[in-house]
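Beneath this line is the structure, given in C-alpha cells, with notes to follow.
What follows is calculated from the coordinates using simple rules that are stated; it is not laboratory data. Treat the numbers as computed from the prediction; the structure is a model and nothing was measured. As a convention, Cβ positions derive from the backbone with ideal geometry for all residues, glycine included, and neighbour counts pool all protein chains shown.
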Amino acid sequence: MTQELSQRARLVLASVVANYITTAEPVGSRTVSKQKEVDFSPATVRNVMSDLEEMGYLEQPHVSAGRVPTAEGLRLYVDQPGLEPNQPPGGPGGGAQPGAGSL
C-alpha cells in the first residue's frame with residue numbers, strides 16, 4: 001500500500017500522528033487546521049483526511065470522531081524522513097551538535 005503522498009497529505013498525516021501521540025485521542029480537522037504550519041481550512045483538512053483514510057493511513061473510530069493513525073500510517077510517519085512537523089533543518093537534532101567542534 002505504498003502510495004506517493006502530496007505535500008499537503010504528508011503535512012496533514014504528520015499533524016494527525018503528532019497530535020495523536022500527544023493526546024491519545026482522535027484528532028479532528030479543526031485541531032489540525034489551527035496549527036501554524038497548516039495553512040488549510042478545516043474543510044480542506046477533512047478532504048485530505050478522507051483521502052488518507054481511503055489509502056489506509058487513517059481511520060475514524062466512529063462517525064462523530066476525528067481520525068486516528070493506522071499501523072500503516074504510524075509506520076509511514078516513522079520511516080519517512082522529514083514527515084515530522086516542526087523538524088529543524090538538517091533532520092532530527094537540527095544539524096550541528098552543541099559543543100561539537102573545538103575544545
Counted neighbours (other Cβ, 10 Å), sorted fewest up, put VAL16, VAL45, VAL78 in the order VAL78, VAL45, VAL16
Counting every Cα pair in the range 1-75, what percent are over 14 Å apart?
-> 53
Cβ-based net charge around ALA71, under 15 Å, with every Lys or Arg adding one and every Asp or Glu removing one | -2
Net charge near SER41: determine it from the other residues with C-beta under 14 Å of the C-beta of SER41, scoring Lys and Arg +1 and Asp and Glu -1.
-> +3
Mind giving me the FRET efficiency for GLN7 and ALA65? R0 is 25 Å, r the Cβ-Cβ distance, nearest 0.05 is fine.
-> 0.45
Could you work out the relative contact order of the range 7-79, using alpha carbon pairs under 8 angstrom and six or more residues apart, expressed as a whole percent?
-> 36
Using a cut-off of 15 Å between beta-carbons, work out the net charge of the residues near PRO61 (Lys and Arg +1, Asp and Glu -1, PRO61 not included).
-> -2
Sparse-neighbour loop sites [trypsin sites (Lys or Arg not before Pro); the range 11-83; at most 16 other C-beta within 10 Å; DSSP] = LYS34, LYS36
Cβ-based charge dipole, the range 7-79, positive-most Cα from PRO61, LEU76, VAL32 | VAL32
